[in-house]
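Student: Take a look at this one; I'll ask things after.
Where a number appears in this text, it was derived from the coordinates with a stated rule and is not lab data. All of these numbers come straight from a predicted model, not from anything done at the bench. When we count neighbours, we look across all protein chains shown, and the Cβ atoms used for this are built from the backbone with ideal geometry, even at glycine.
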Amino acid sequence: MRVRIVVSLLFVCVFAYGTSALAQHQTPLVGAWERLSLKNDEGVDMQPPEPAAFVIFSADGYYSQTVIPTGRNKLKKLLEDMTKEELLNRFQLLFAWRGTYTVSGNTLTRRIISHTNPNIEGTELVQEFRIQGDLLILTRPESKAEARFRRAQKG
């Protein structure tokens, strides 16, 4: 009798864990998104929303985001042959980061595992989100900042 109870409890625990893991996989964030617009902390439109930004949310709770300026000069030099000014120009406004994310209601929490700026690694970015059709809107409750993304690919 005890064995049945233990096996039943084990089954319930495994099923409950599987259901919660499945809920994370089914988040509407899963897929690739391209940024369309951006507002700063004061709510002022930054137009055009340069540089271009893309974010990918995977079903297993990981994300990756890149921000790469368009129109950068193409130099026919190796990186090690560039001047300090050429290097600064090449990498200014270029960002890439990745990490894990969780969703709780309409709150998105991203833990930054690696970033082009190592000072940001290990921190969290907490945003509120809403999805309207193929539009993802990210806001920060403590400011008027807002980023709007268009779904590039369904997950």
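Student: List the residues, sorted by chain then number, that are 5 or more residues from Leu36 or on another chain and whose placed amide H is less than 5 Å from its amide H.
Tutor: Answer set, sorted by chain and number: Arg148, Phe149, Arg150.
Student: Another question, then. When the chain is fully extended, how far beyond the present Cα-Cα distance does Arg98 get from Glu85, taking 0.36 nm per residue of separation?
Tutor: Value of the extension gain: 1.9 nm.
Student: Starting from the Cα of Lys74, draw a straight line to each of the aspartates and glutamates and keep only those under 19 Å, dropping any in the same chain fewer than 8 residues away.
Tutor: Straight-line reach from Lys74, under 19 Å: Glu50, Glu85, Glu86.
Student: Ranking Thr27, Thr107 by Cβ neighbours within 10 Å, fewest first, what do you get?
Tutor: The order, fewest Cβ neighbours first, is Thr107, Thr27.
Student: State the dimensionless ratio Rg/Rh of segment 111-155 (Rg: radius of gyration of Cα atoms; Rh: Kirkwood radius).
Tutor: Using Cα coordinates only, the ratio equals 1.05.
Student: Determine which lysines satisfy two conditions relative to Lys144: a Cα distance under 16 Å, and not lying fewer than 8 residues away in the same chain.
Tutor: Answer for Lys144, where 16 Å is the Cα cut-off: Lys39, listed by chain and number.
Student: Name the residues whose placed amide hydrogens come within less than 5 Å of the amide hydrogen of Ser114, ignoring near sequence neighbours (fewer than 5 apart) on the same chain.
Tutor: Hits under the 5 Å cutoff: Arg98.
Student: What are the semi-axes of the equivalent ellipsoid of segment 29-154, taken as the square roots of 5 times the eigenvalues of the Cα gyration tensor, listed largest first and rounded to whole Å?
Tutor: Rounded to whole Å, the semi-axes are 28, 17, 15.
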